[in-house]
1. Quick check, is residue 54 surrounded by fewer than 24 Cβ atoms within 10 Å (Cβ to Cβ), of a type outside the set (S, T, N, Q), touching a Phe, Trp or Tyr at 6+ places or on another chain (Cβ under 7 Å) and in a strand (DSSP E or B)?
2. Which of the numbered conditions does residue 241 fail, given that it passes all the others? Conditions: (1) in contact with a Leu (Cβ under 6 Å, 6 or more places away or on another chain); (2) closer than 30 Å to residue 102 by Cβ; (3) modelled with pLDDT of 95 or more.
3. If you go through segment 36-54 one residue at a time, do you hit one that is over 26 Å from residue 276 (Cβ atoms) and not hydrophobic (A, V, I, L, M, F, W, C)?
4. Counting only residues that are modelled with pLDDT of 95 or more, outside any loop (DSSP other than H, G, I, E, B) and in contact with a Phe, Trp or Tyr (Cβ under 6 Å, 6 or more places away or on another chain), which one in segment 60-118 is nearest to residue 4 (Cα to Cα)?
5. Kindly indicate whether residue 187 is without any contact (Cβ under 8 Å) to a residue 24 or more places away in the chain, surrounded by fewer than 22 Cβ atoms within 10 Å (Cβ to Cβ) and either touching a Cys at 6+ places or on another chain (Cβ under 6 Å) or part of a helix (DSSP H, G or I) (or both).
6. If the requirement is being charged (D, E, K, R), exposed (fewer than 15 other Cβ atoms within 10 Å of the Cβ) and touching a strand residue (DSSP E or B) at 6+ places or on another chain (Cβ under 9 Å), which of these qualifies: 113, 88, 27?
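The values are calculated or read from the model by the stated rules, or taken from the named source; none is laboratory data. Nothing here was measured: the structure is a model prediction, and the numbers come from that model. Here the Cβ positions follow ideal geometry from the backbone for every residue, glycine too, while neighbour counts run over all protein chains shown.
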Amino acid sequence: MIATVTLNPSLDRTVTVEELVVDEANRWTSLRRDPGGKGINVSRVIHELGGETVAYGFIGGIDGETLKHLLKQHEVPFDFTSIKGEIRSNFIITDLKTRRQTRIDAPGPHISRDELGKLIDKITHIKPKPDFLVFAGSVPPGVPDDIYRQLIEEARKSGIKTVLDSDNKWLKEGIRAKPNVIKPNVHEAEELLEVHLRDEAAIIESVKALVNRSIEVAIISRGKDGLIVANGEKILKVISPQVEVRSTVGAGDSTIAGLVLKLSQGHGIEEASRWAAAAGTAATLTPGTELCRREDVERLLPQVKVERL
């Protein structure tokens with residue numbers, strides 16, 4: 001079983017317009033609502049791919065109730081910690097003419113010390129013990145910057161493997177606790193390592209550097225160019241199939257889900273990386289925040305190329 005923690009969940013609203021015109025009234029052609037937040041997305045994909053999962057995190061307000069209702073519709077199990085505030089709403093505007101997306105993300109509600117303590121206690125005593133515990137996404141106001149480091153250290157004491165997928169100060173602090181798996185994109189890796197990743201050779205050196213920091217599996221995602229994956233024994237170049245992209249929202253979360261699901265099932269790094277790339281690519285085929293579909297992942301799997309470097 002794979003558990004996920006989303007400290008800053010959201011109700012995501014995807015709006016499509018024929019053409020986005022600034023300073024004009026724009027009428028939407030479709031509106032979609034989805035449960036949001038990186039950890040929740042990972043749980044959604046794991047469930048879609050047939051794995052067992054539970055989503056943890058904060059929940060509150062009317063939008064929080066809507067998010068729970070949507071997860072129940074998707075049959076994704078959850079065990080949230082209630083807060084007094086309203087979870088954030090994110091908006092994704094898709095321009096059908098240019099096929100460009102504009103995201104408007106909220107910072108999230110303020111979390112009190114008592115609310116944070118309840119969640120920490122729940123995660124510290126998590127039952128049943130998962131194979132992996134995925135910490136993903138931003139951190140809302142009121143939560144310390146080193147929260148991921150704290151939670152990863154507690155998980156290690158219980159013998160639980162951890163995954164960290166965040167950015168900026170939360171990634172820099174969290175990586176100090178040596179999570180088992182991380183997956184920054186190129187920009188996030190540049191900020192983390194304070195280097196300019198100008199080419200593939202530099203990215204390869206960076207995944208080596210991350211593994212040398214006692215990270216069991218390090219991945220740098222390169223969008224349509226695929227993944228560079230490293231563990232203590234191998235470095236892999238994973239080439240994703242080229243597809244017509246409808247939305248990139250949730251592609252990274254789908255990548256994490258495919259990878260961790262297969263690792264939890266005992267597969268090697270090559271097979272897990274293949275599923276990671278297929279799931280991430282499949283997510284780009286769906287509109288807005290719909291994430292990947294299992295049939296698309298299975299169709300794309302044979303097209304993923306894995307090369308050992």
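1. The answer is yes for residue 54.
2. Among (1) in contact with a Leu (Cβ under 6 Å, 6 or more places away or on another chain); (2) closer than 30 Å to residue 102 by Cβ; (3) modelled with pLDDT of 95 or more, the lone unmet condition for residue 241 is (3).
3. There is no residue in segment 36-54 that is over 26 Å from residue 276 (Cβ atoms) and not hydrophobic (A, V, I, L, M, F, W, C).
4. 79
5. yes
6. Being charged (D, E, K, R), exposed (fewer than 15 other Cβ atoms within 10 Å of the Cβ) and touching a strand residue (DSSP E or B) at 6+ places or on another chain (Cβ under 9 Å) holds for just one of 113, 88, 27, which is 27.
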